[in-house]
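Working notes, beginning with the structure itself.
The values are calculated or read from the model by the stated rules, or taken from the named source; none is laboratory data. Only a predicted model underlies this, so the values are computations on that prediction, with no experimental measurement involved. Glycine gets a Cβ as well: all are built from the backbone with ideal geometry, and neighbour counts include every protein chain shown.
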Amino acid sequence: MTATNQALTVEDVQAILAEKHSTSHLINRKRHVTLPQWATAWIVLIPALIFLVLFMFYPILNTFFMAFIQDFRWVSGAGSFAFGNFIQGCFNWKGKFENNLIPSFGFENFVIVLKNEVFLSSILNTALLVVIEVPLTIIVALLIATFLNSIKALKGLYQTIFFLPYVTNTIALGLVFQMLFASNTGGLMNILLKNLFGIDPINWLSSAEVRIGSTALPPATKFHQGIVIVIYALWNGLAFKILVFMSGLATIDKQYSDAAKVDGSSSFTIWRRITLPLLSPQILYITITSFIGAFKMYTGVMSVYSAAGKGAYYFGGERGEDWITVVGWIYKQLDLSQDKPGIAAAGSLVLLSIILVITAVQFAVSKRRVHY
């Protein structure tokens, strides 16, 4: 009897445990809701899509409509993102209907932009900086990346040194370059030129005459200012390019270079015939992004002149326009004292068109030269 009762008791316990397990499993199944794959994807994408719509697509449409509205003006208190800016011709900010203020669309803003001498000068300045700075930066970054990839001792230290400009504030870098190219005898560049080559001090950035003792330095020429800006852009743009090139070099299989060495190829031949072709995707990426970034140059030029105390719209020279860039000109039109947002928007679309054409040409030229 005892054994039978004990066996029954064990069976009862097992039955109870099995019943509890099945009950909890049914409860968990009821709580678990399986969504279709497309629904899960949309839930994940919605936050990013909201961000893109609000801060990318809508500003682009905003700028596009602004460029074609003649005599566009900000609605008081509305801001650039307010829909009131686009319906201001039919309604005032209080919602009152006004038939006599219907907005007119046309190409007047583009005509004003393309006839503006300062804007045309800004295109030439930007193009000159792009042609000089972009190839020079890419070549120097590629050589430094190749050097860093071939050494082992203190490799991390060198990488940190070259990466510092990328994480340094732009204005801080501008202040450093102002001290390096100070017009007085205490400027490091003037000291080096005097001691190494015997060259007298140069007024690099100041638009006014600078006196050093009894010597009077004439105002800075556009050429000398351009040297400072190019060197600044070179130093500021190296870090990211070096990082991309080093990541590309790390993916190249060493068996190609080892096989070439066995065949008697020199290091330069291996670099030119093997490394560069295999690095062509990174070179294309850096070239395109560098051209786009150079055409949008503004903070670099502005920060170099930040110590002049003449505001954010000063770009060298007596009139503050010696090295004005396209983006600098656009920002200048957005100044509240100018009140020309429609003209600024038209200038933005002209710049966008230039960048798109150059990018398309780069893709067309690179089709036969890029090896994936």
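Considering only the range 282-293, how many residues are farther than 12 Å from residue 241 by Cβ and of a type in the set (Gly, Ala, Ser)?
Within the range 282-293, residues that are farther than 12 Å from residue 241 by Cβ and of a type in the set (Gly, Ala, Ser) number 0.
A quick yes/no check of all residues on (1) closer than 24 Å to residue 303 by Cβ; (2) at pLDDT 80 or above; (3) in a helix (DSSP H, G or I):
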| site | (1), (2), (3) |
| --- | --- |
| 337 | yes, no, no |
| 346 | no, yes, yes |
| 354 | yes, yes, yes |
| 357 | no, yes, yes |
| 363 | no, yes, yes |
| 369 | no, no, no |
| 372 | no, no, no |
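Being touching a Leu at 6+ places or on another chain (Cβ under 9 Å), within 28 Å of residue 66 (Cα to Cα) and surrounded by 15 or more Cβ atoms within 10 Å (Cβ to Cβ): is that true of residue 326 here?
yes
So is residue 281 modelled with pLDDT of 85 or more, under 18 Å from residue 138 (Cα atoms), in contact with a Lys or Arg (Cβ under 9 Å, 6 or more places away or on another chain) and assigned to a helix (DSSP H, G or I) or not?
Judged against the criteria, residue 281 is not a match.
Polar (S, T, N, Q), in contact (Cβ under 8 Å) with a residue 60 or more places away in the chain, assigned to a helix (DSSP H, G or I) and touching a Gly at 6+ places or on another chain (Cβ under 8 Å) - does that describe any residue in the range 297-306?
Yes; the residues of the range 297-306 include at least one that is polar (S, T, N, Q), in contact (Cβ under 8 Å) with a residue 60 or more places away in the chain, assigned to a helix (DSSP H, G or I) and touching a Gly at 6+ places or on another chain (Cβ under 8 Å).
Counting only residues that are under 12 Å from residue 232 (Cα atoms), in a loop (DSSP other than H, G, I, E, B) and modelled with pLDDT under 80, how many does the range 157-185 have?
The qualifying residues number 0.
With respect to residue 324, is the statement that it is part of a loop (DSSP other than H, G, I, E, B), of a type outside the set (D, E, K, R), outside the structural domain of residue 71 (by TED's automatic domain parsing) and at pLDDT 90 or above true?
yes
Select, from 78, 82, the only residue that is modelled with pLDDT under 55, surrounded by 13 or more Cβ atoms within 10 Å (Cβ to Cβ) and under 23 Å from residue 333 (Cβ atoms).
After ruling out the rest, the residue left standing is 78.
With the requirement that a residue be of a type in the set (A, V, I, L, M), surrounded by fewer than 18 Cβ atoms within 10 Å (Cβ to Cβ) and outside any helix (DSSP H, G or I), what does the range 213-258 give you?
216, 252
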